Amino acid sequence: MAKHRTHSIDFKRQVAQDYLAGETLHGLAKRHDLSRNLIRIWIRKYEAGALDEDTAAAELLQEYEARIAALERLVG
């Protein structure tokens with residue numbers, strides 16, 4: 001089974017900006033080995049403001065808090 005890749009917020013933002021600057025979905029997908037649908041999702045998120053610095057920091061904080069809670073449950 002294929003392993004899912006994770007991409008940074010900066011990378012997603014750059015891909016969306018490249019598209020909005022005039023690059024084609026096909027060209028971006030081929031260059032970065034991504035699906036066109038994934039790029040469309042990132043573009044929608046970018047336009048909605050979901051890929052800005054504050055949102056990225058809040059998501060990272062949530063991930064850290066969840067990981068801490070999971071580790072605390074393991075320790076007891």
Pair list, Cβ under 9 Å, 6 or more apart: region 2-24 residue within 24 Å of ALA57 (Cα to Cα) and among the hydrophobic types (A, V, I, L, M, F, W, C), other residue buried (at least 17 other Cβ atoms within 10 Å of the Cβ) and modelled with pLDDT under 90:
ILE9/LEU51; ALA16/LEU51
Let me confirm something: among ARG31, ARG13, which residue is basic (Lys, Arg), at pLDDT 85 or above and under 12 Å from the mean Cα position of the chain (by Cα)?
ARG13
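The values are calculated or read from the model by the stated rules, or taken from the named source; none is laboratory data. If you're wondering where the values come from, they're calculated on a predicted model, not measured in any experiment. Cβ sites come from the backbone with ideal geometry, for glycine too, and all protein chains shown count toward neighbours.
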